[in-house]
Amino acid sequence: MDMVLRAEDRAFRDEVRSFLAANVSPAMRRVSDLTTGFIVDPEVSIHFHRALARKGWSVPNWPVEYGGTGWTPVQRYIFEIECARAGAAIYNGAGTQFVGPVIMRFGTPEQKDKYLPRIRSGEDHWAQGYSEPGSGSDLASLKTKAESHGDNYVVNGQKIWTTLAHKSNRIFTLVRTSSEGKRQEGITFLLIDLDLSGITIRPIIGSGGDHEFNEVFFDNVRVPKSGRVGEENKGWEVAKYLLEFERGGNVMAGRVRAQFAKLARMVAVRCPDDSEITTRLAELGTDIDAMEMIDLSVLSAHQAGSNPGPISSLLKLRWSEIRQAVNELAVDAAGEAALRRVDERPLYEALQLPPDEEDNLALIPRYLNGRAFTIMGGTTEIQTNILAKSLLGL
Ligand SMILES: Cc1cc2nc3c(=O)[nH]c(=O)nc-3n(C[C@H](O)[C@H](O)[C@H](O)COP(=O)(O)OP(=O)(O)OC[C@H]3O[C@@H](n4cnc5c(N)ncnc54)[C@H](O)[C@@H]3O)c2cc1C
């Protein structure tokens with residue numbers, strides 16, 4: 001494959017670079033570097049999102065009619081790679097990348113008018129209410145119940161692992177509206193405002209010490225039926241459509257490459273002659289190149305607005321394993337110094353890193369949190385099952 005950029009793409013890249021130079025502040029870059037969880041605090045990333053919205057670039061994955069950019073896949077790819085390289089933080093992927101495309105595909109005109117502009121501008125922050133205690137991989141077993149009462153559903157039950165629910169004002173949920181027949185045929189997709197009476201959000205602290213997850217409890221919550229996406233009991237189709245975007249709706253190589261570049265710099269300073277470490281580094285570099293090809297084919301397969309399809313599971317499988325391997329090698333390369341506490345300044349002196357490499361202080365929390373990459377968005381085993389069925393026909 002010829003990876004040389006054409007002149008017009010190089011010009012586009014220059015435009016993106018100058019936009020990023022003007023809008024990614026050193027403070028945001030530092031927060032991105034030091035964030036050990038999965039998502040940079042939305043109170044930080046909102047500023048960049050607003051700058052993107054002013055430029056008309058906040059939803060490049062959306063069709064032009066809904067405010068997308070109309071970029072070619074190559075332009076989209078350049079944009080994502082450059083954002084990652086610049087340390088630009090993504091704001092609310094659950095809104096722009098997951099529920100936005102779902103509302104475009106299944107939503108009513110009123111839902112499109114109400115929600116899409118607010119996602120584009122960053123006014124709304126969405127959380128994902130799929131998982132429940134006992135219903136993760138086996139999602140169709142979910143029990144949160146919605147009973148019909150006139151123009152409302154009355155919702156009772158519990159969601160879990162709800163990323164950033166405490167920083168969100170809306171949540172998209174799967175609820176059970178029928179217990180008849182096949183389990184998948186009694187599920188409805190419901191948009192819920194998180195300030196409704198009867199909703200309680202409780203924190204779950206992750207193994208890296210971060211507060212990103214929550215439990216969300218629904219106690220007789222009256223949700224207007226105008227928030228239902230698709231027909232009652234037909235939410236499973238909507239739910240699966242969303243998952244394709246969750247697993248393959250974004251370019252992953254940029255972020256993995258940015259992390260790899262930091263690792264390579266650390267190895268060059270700390271243990272350039274350790275052949276076991278340098279061999280693993282070289283293997284990882286090759287794995288990332290191969291993953292980038294999957295990234296590109298996913299991107300070409302889903303032009304703005306259409307769904308990525310089952311290849312999204314292959315991408316999810318590879319990026320999650322590779323990011324874990326990068327974190328693991330970083331800890332191994334740092335040696336026992338990685339075990340020091342994050343807030344101990346001597347750690348980075350012990351690592352002999354230049355001051356701008358201070359982010360390596362976050363090695364252990366990042367390694368621990370990274371164990372979740374192969375669980376979130378569907379575990380490795382679940383992705384492998386999907387691939388076996390859809391691509392190999394097993
Ligand atoms: C970082 C992170 C963020 C998350 N954010 C959200 C969120 O915002 N909203 C939300 O709704 N959920 C979220 N989740 C939850 C996530 O979707 C679930 O953790 C995931 O689907 C797995 O479900 P489980 O944890 O119940 O594990 P289980 O389903 O109980 O799985 C346990 C083990 O059994 C294996 N297993 C299960 N079924 C099979 C099978 N059929 N074949 C082979 N092996 C199988 C699994 O692979 C796994 O190893 C998040 C999770 C993480 C880690």
Residue-wise HN-Hα coupling along the range 21-38, computed from phi with Karplus coefficients 6.51, -1.76, 1.60 (Hz; x: Gly, Pro)
4, 7, 10, 9, 6, x, 5, 5, 4, 5, 5, 4, 5, 8, 6, 9, x, 8
Using amide H atoms built 1.01 Å from N in the peptide plane, name the residues 5+ places from Asn152, or on other chains, whose amide H lies under 5 Å from its own.
Lys225
Evaluate the distance, in nm, between pseudo-label points positioned 7 Å from the Cα of Ala388 and of Lys114 along their respective Cα→Cβ axes.
4.2
For the chain, take the longest principal axis of its alpha carbons; what is the angle in degrees between that and the long axis of helix 311-334, to the nearest 10 within 0 to 90?
40
Using r as the Cβ-Cβ distance of Ala11 and Glu185, and R0 as 51 Å, what FRET efficiency do you calculate, to the nearest 0.05?
0.50
For the range 220-228, 3J(HN,Hα) per residue [Karplus equation, 6.51 cos²θ - 1.76 cosθ + 1.60, θ = phi - 60°, Hz, x = Gly/Pro]:
6, 7, 8, 10, x, 5, 4, x, 7
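Hey, which of these cross-link pairs are over 27 Å Cα-Cα: Lys114/Lys316; Lys159/Lys225; Lys112/Lys240; Lys167/Lys262; Lys225/Lys316; Lys167/Lys389? It would help to have the intermediate numbers written out before the result.
Values: Lys114/Lys316 31 Å; Lys159/Lys225 20 Å; Lys112/Lys240 20 Å; Lys167/Lys262 30 Å; Lys225/Lys316 34 Å; Lys167/Lys389 37 Å.
Those over the limit are Lys114/Lys316; Lys167/Lys262; Lys225/Lys316; Lys167/Lys389.
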Just Gly370, Gly198, Gly87 to compare: in a GNM of the chain, with alpha carbon springs under 10 Å, which one fluctuates most?
Gly198
When the C-alpha atoms of the range 65-113 are aligned to their principal axes, what extent does each axis show, in angstrom, from largest down?
38, 22, 13
Lys/Arg Cβ at +1, Asp/Glu Cβ at -1, dipole of the range 128-168 taken about the Cα centre: which of Gly134, Val155, Thr144 is farthest positive-ward?
Gly134
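Could you work out [θ]222 nm for the chain from helices alone, using -39500 (n - 2.57) per DSSP H run of at least four and dividing by all its residues? Round to the nearest 500 deg cm²/dmol.
Taken over the chain, the calculation gives -15000 deg cm²/dmol.
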Give the residue from Leu387, Ile201, Ser320 lying farthest towards the positive end of the charge dipole for the chain; charges sit on Cβ (+1 for Lys and Arg, -1 for Asp and Glu) and the dipole is referred to the Cα centre.
Ile201
Helix 253-270 sits off the longest principal axis of the Cα atoms of the chain, rounded to the nearest 10 on a 0 to 90 degree scale, by 30
So what J values fall out for the range 363-368 if you push phi through Karplus, 6.51 cos²θ - 1.76 cosθ + 1.60 with θ = phi - 60°, rounded to Hz, Gly and Pro as x?
4, 5, x, 5, 4, 5
With label points set 7 Å from each Cα along the Cα-to-Cβ direction at Glu123 and Ser275, the distance between them in nm comes to 6.3
Kirkwood-type radius of the chain, with distances r between different C-alpha atoms, in Å
22.1
Along principal axes, largest first, the alpha-carbon spread of the range 139-232 in whole Å comes out as 42, 27, 20
Specify the angular offset, from 0 to 90 degrees and rounded to the nearest 10, of the alpha carbon long axis of helix 109-121 from the longest principal axis of the alpha carbons in the chain.
20
Specify the residue with the greatest mean-square fluctuation among Glu321, Glu212, Glu180, computed from a Gaussian network of the chain linking alpha-carbon atoms under 10 Å apart.
Glu180
Say we join alpha carbon atoms closer than 10 Å with springs in a Gaussian network model of the chain; which of Phe12, Phe217, Phe106 then has the biggest fluctuation?
Phe12
Translational diffusion coefficient of the range 273-329 at 10 °C, 1.306 mPa s, Stokes-Einstein with Kirkwood Rh over Cα pairs, in µm²/s as a whole number.
127
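Read-outs throughout are calculated quantities, based only on the coordinates presented, and are distinct from any laboratory measurement. These figures come from a predicted structure and were not determined experimentally. FYI the Cβ positions are ideal-geometry reconstructions off the backbone, even for glycines, and counts take in every protein chain you see.
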